[in-house]
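One structure is given below, encoded as structure tokens.
Read-outs: derived from the displayed coordinates by stated rules, not from any lab. Values in this document were obtained by computation on a predicted structure and should not be read as measured data. Glycine gets a Cβ as well: all are built from the backbone with ideal geometry, and neighbour counts include every protein chain shown.
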Amino acid sequence: MTDTGTGLYLELLKKVLTNRIQMDTPSAWPAGPGGAADGEDEARPAAFSAHTMVSPESLDNVQYCVERALADGVPGDLIETGVWRGGICVLMRAILKAHGVEDRRVWVADSFEGVPESGEGSHPLDQEMALHNLNTVLSVSADAVRAVFKSYDLLDERVEFLEGWFSETLPAAPIESLAVLRLDGDLYVSTMDSLSALYPKLSPGGFVIIDDYNMEGCRTAVHEYRDAHGIKEEIEAADSVGIWWRKES
């Protein structure tokens, strides 16, 4: 589906989003509570200069899912829940624009305050991870994300922001249908809130991508949701930490 000009533009964009175009040295995710698992040394793009922390393989996976949904005429918008600096959503909007698609929206859903604090009453796996201790890294304001979109000339009426905790914003979000649903909320509660509110809106033939499947809380939520709703579609690897599957019906 990608012609030479479009392909070159999107490949260059992905290198810029991960800061590979400047040849920065990838940095490991912080170790300790809420950070990399013991023995996990996967290096992601330089966290303090790039617009996304995901791997190049994960960006390729997003491009594949979006372009396949477009090629197959899967109805619906695109969304990411948990956007950090917005790099994935920028890529989604760029793909739509590169292909001249103007009848779909990209939804940018985040608290823009980091992840919820995991305290008494939170899921035990979220308490164990205590990822809120990294909110100084994870918290990026909505205005800062808008500035990232503007830097790529991609902030327009096709980009919609959903600001707030997922439990409050997603159930009432004015989204009719989705073609691609990408989750990057890290926690059990964030993953379950996103799936519960949005998976029913994913069109048949649509794609769901889970970035943090390597994290026990996220993985547990995914399998609990799949089991509760009889989801049998085969899970595929997006990269060393994330997965995806295509909704059949």
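Using the Kirkwood radius over Cα pairs, work out the Stokes-Einstein diffusion coefficient for region 88-192 at 4 °C and 1.567 mPa s, in µm²/s as a whole number.
Reported coefficient: 86 µm²/s.
Report the antiparallel proportion of the DSSP beta bridges in the chain as a percent, rounded to a multiple of 5.
So the antiparallel bridges in the chain amount to around 30 percent.
Using the 2.2 N^0.38 Å rule of thumb for compact globular proteins, work out how region 93-147 stacks up: its C-alpha Rg over that value, please.
Ratio of Cα Rg to 2.2 N^0.38 Å: 1.62.
Taking 41 Å as R0, compute the FRET efficiency from the Cβ-Cβ separation of Tyr225 and Ser141 and round it to 0.05.
Approximately 0.85, to the nearest 0.05.
Starting from the Cα of Asp156, step 7 Å toward the Cβ, then list every residue of region 102-119 with an amide N under 13 Å from that point.
Of the residues in region 102-119, 102-106 have backbone N under 13 Å from the label point off Asp156.
Place a +1 charge on the Cβ of each Lys and Arg in the chain and a -1 charge on the Cβ of each Asp and Glu, then give the dipole magnitude about the Cα centre in debye, rounded to the nearest 20.
I would put it at about 720 debye.
GluC sites (Glu not before Pro), restricted to region 67-143: which are DSSP loop and have at most 11 other Cβ atoms within 10 Å?
Passing both the DSSP loop test and the Cβ count: Glu102, Glu120.
Which of Pro171, Val189, Pro116 sits closest to the plus end of the dipole of the chain, meaning its Cα is farthest towards the positive end, when Lys and Arg get +1 and Asp and Glu get -1 on the C-beta?
Result: Pro171, furthest along the dipole toward the positive end.
Per residue of the chain, what 222 nm ellipticity follows from adding -39500 (n - 2.57) for every DSSP H run with n ≥ 4, rounded to the nearest 500?
The helix-only estimate for the chain comes to -10500 deg cm²/dmol at 222 nm.
Based on the Kirkwood radius over alpha-carbon pairs, what is the Stokes-Einstein translational diffusion coefficient of region 137-203 at 20 °C with 1.002 mPa s viscosity, in µm²/s?
For the chosen part, D equals 160 µm²/s.
By its C-alpha gyration tensor, with a ≥ b ≥ c as the square roots of the eigenvalues, how is region 139-249 shaped: rounded for a/c under 1.5, else prolate for a/b larger than b/c, else oblate?
It comes out prolate by the Cα gyration axes.
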